[in-house]
Amino acid sequence: MKITPVCLLLLMYTLAKSQTEIPLYSGAIPNAKKVADNEWTEKTDNGITVIHNITIPTLTIYEAPKAKATGTGVIICPGGGYGVVAIAHEGFDVAKQFNAMGVTAFVLKYRLPTDSTMENKEIGPLQDAQRAIQFVRDNAKKYRLKKDKIGIMGFSAGGHLASTAATHFATSQIPNKKHTDLRPDFAILIYPVISFTDSLMHQGSRDNLIGKNPSQEKITLYSNELQVNDKTPPTFLVHAKDDGGVKVQNSIAYRDALQKSGVQTEMYLFEKGGHGFGLNNPTSDVKWMDHVQQWMKKMSLLK
């Protein structure tokens, strides 16, 4: 089929309209020191696109096609050990999959915690996750969303951030004059860092967020399996049993804590796959997003 110039312009307009990057904060960024913007992006040797030195957080919005829209929205937190953000294969690519399911997706480019850029680095990423939830819920009508169908998703250290948002929502780390509910309605965690305990932690993520010599109090506070209660949102987890980067016991511990608190949860475990495989585990024909879709239907998040 021949694509006319008019059709090409319409296609480009549609793509541009459905993917919009906006600043996360409309004014001053809380907890931020005045520093130069030294953000930069690279493609690693294994083809993964990562962003370094993020100090200005943004949301990239992928609106679901109007004909397919379900009223459900999800905020996606890519991984990267709190040292970089793997924005493409754990962010943009996933957002497109959600659009096909009728879900509007918001890819969060969150600040990376450092003492040189933040007054208190341990709350910086959580502030951005809470602000993302606040923004999406406050603008639900604009994006044709239902305020009680706004969830959060995270990969690896982004999974730690998402699970922190899912367990620490009672304490607002951002200005919240409207008293917007900061609790996500559901969570999806993919090979997540959950625990900062010595036996389960991912060293780099813990060091970057709370330092190399954290107190036991901080370790417990950010070990999110220890922060679960009956208000924690329903959660779907995915992990590979042979994950050498983030132990599968992270997901198992979180699943067990959810079940103990009576929170609906499901988990899919791959026998193999290692860490960081994104949408496609090369060792398996199983597409874990299919399982996520079925779970979301069961939870009445999809039509």
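So here's what we get for this one:
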quantity: Lone qualifier among 73, 83, 91 - being buried (at least 19 other Cβ atoms within 10 Å of the Cβ), within 17 Å of the chain's Cα centre (by Cα) and under 18 Å from residue 205 (Cβ atoms); calculated: 91
quantity: Residue match in region 271-285 (condition: touching a residue at least 12 places away in the same chain (Cβ under 8 Å), in contact with a Leu (Cβ under 8 Å, 6 or more places away or on another chain) and small (Gly, Ala, Ser)); calculated: no
quantity: Cβ pairs under 6 Å, 6+ apart, first in region 88-109 and of a type in the set (A, V, I, L, M), second in a loop (DSSP other than H, G, I, E, B) and crowded, with 21+ Cβ neighbours inside 10 Å; calculated: 103/64; 103/72
quantity: So residue 220, is it part of a loop (DSSP other than H, G, I, E, B), over 26 Å from residue 26 (Cα atoms) and β-branched (Val, Ile, Thr); calculated: no
quantity: Yes/no for residue 126 being within 22 Å of residue 202 (Cβ to Cβ), among the hydrophobic types (A, V, I, L, M, F, W, C), at pLDDT 95 or above and assigned to a helix (DSSP H, G or I); calculated: yes
quantity: Matching residues, region 72-105, being small (Gly, Ala, Ser) and more than 26 Å from residue 126 (Cβ to Cβ); calculated: 100, 102
quantity: Region 28-54, subset touching a strand residue (DSSP E or B) at 6+ places or on another chain (Cβ under 7 Å) and outside any strand (DSSP E or B), residue modelled with the lowest pLDDT; calculated: 44
quantity: Of residues in region 132-156 being part of a helix (DSSP H, G or I) and surrounded by fewer than 24 Cβ atoms within 10 Å (Cβ to Cβ), the one farthest from the chain's Cα centre (by Cα); calculated: 138
quantity: Those residues of region 215-246 which are buried (at least 16 other Cβ atoms within 10 Å of the Cβ) and free of Cβ contacts under 8 Å to residues at least 40 places away in the same chain, in sequence order; calculated: 219, 221, 223, 225, 226
quantity: Restricting region 247-285 to residues that are in a loop (DSSP other than H, G, I, E, B) and among the small types (Gly, Ala, Ser), the residue that is surrounded by the most Cβ atoms within 10 Å (Cβ to Cβ); calculated: 273
quantity: Test: residue in region 195-210 that is of a type in the set (Val, Ile, Thr), touching a helix residue (DSSP H, G or I) at 6+ places or on another chain (Cβ under 6 Å), touching a residue at least 12 places away in the same chain (Cβ under 8 Å) and buried (at least 24 other Cβ atoms within 10 Å of the Cβ); calculated: no
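The values are calculated or read from the model by the stated rules, or taken from the named source; none is laboratory data. None of the values given here were measured: they were computed from a predicted structure. Every residue, glycine as well, gets a Cβ built from its backbone with ideal geometry; the counts of neighbours run over all protein chains shown.
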